[in-house]
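The values are calculated or read from the model by the stated rules, or taken from the named source; none is laboratory data. In this text, all values refer to a predicted model and were calculated from it rather than measured experimentally. With ideal geometry, Cβ positions are generated from the backbone for all residues, glycine too; neighbour counts draw on all protein chains shown. Quick note on the areas: whole protein, heavy atoms, side chains included, nothing else; ligands and nucleic acids left out. Shrake-Rupley method; radii C 1.70, N 1.55, O 1.52, S 1.80 Å.
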Amino acid sequence: PVKRQRGFTLLELMITLVVTLFGLMGVMAVHLTMTSGSANAGRNSEAIAVGTQMLESLRAQRPTDMMQTLTGTSTSLPPVDLTNYTTKTGRNGVSYTIDVHVAALGVSGNLWRIRVEVKWTEDTSAATHTLPFEVIRTAQEAL
């Protein structure tokens with residue numbers, strides 16, 4: 001009797017190839033998700049830095065200097081609402097738009113609420129993200 005050689009048939013090899021292909025597609029999907037999440041976290045961190053820098057620079061100024069910076073005149077008083085006040089370009093060309101809102105609080109107006117909103121749009125979608133920052137300060141003195 002003739003002994004038949006044992007080996008893989010073409011069908012077995014095709015099935016192995018398909019299973020391997022689906023496994024690699026899953027690994028690739030996980031890699032893309034992780035890369036996208038890392039990029040989103042980087043943009044979020046950068047937006048936090050931009051917003052904090054703007055808020056602290058306004059907070060550190062005397063009221064007249066702050067109003068001069070925002071409105072161009074040192075005699076103006078809150079409320080001040082500046083949409084698209086300025087734009088900063090971050091790493092990888094991401095554009096961060098900064099809105100500034102200053103409001104007087106209370107009857108006497110001795111307290112001011114400074115609100116800075118940082119906005120940016122994802123490069124992969126049309127989703128707009130907004131990070132708000134607020135501080136309350138006295139109307140008399142800077143830090």
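Key figures
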| quantity | calculated |
| --- | --- |
| For Ser76, residues with placed amide H under 5 Å, excluding near neighbours | none |
| Tyr85 long-range amide H proximity, modeled H, under 5 Å | Ile98, Asp99, Val100 |
| Whole-Hz couplings from phi, Karplus 6.51/-1.76/1.60, listed for segment 74-85; x for Gly and Pro | 7, 8, 6, 10, x, x, 10, 10, 10, 7, 6, 4 |
| Protein accessible area in the chain, 1.4 Å probe - carbon and sulfur % | 61 percent |
| Ratio Rg/Rh [Cα only; Rh per Kirkwood] for the chain | 1.46 |
| Degrees separating the helix 10-59 axis from the principal Cα axis of the chain, which is the longest one | 10 degrees |
| Ordering of 5-15, 59-69 by burial proxy (mean other Cβ atoms within 10 Å per residue, highest first) | 59-69, 5-15 |
| Difference of contour (0.36 nm per residue) and Cα-Cα distance, Leu24 to Arg62 | 7.7 nm |
| Inter-label distance for Thr52 and Asn84, nm, one decimal - labels placed 7 Å from Cα along Cα-to-Cβ | 2.9 nm |
| Gain in span if fully extended, Thr69 to Ala39, counting 0.36 nm per residue against the direct Cα distance | 7.5 nm |
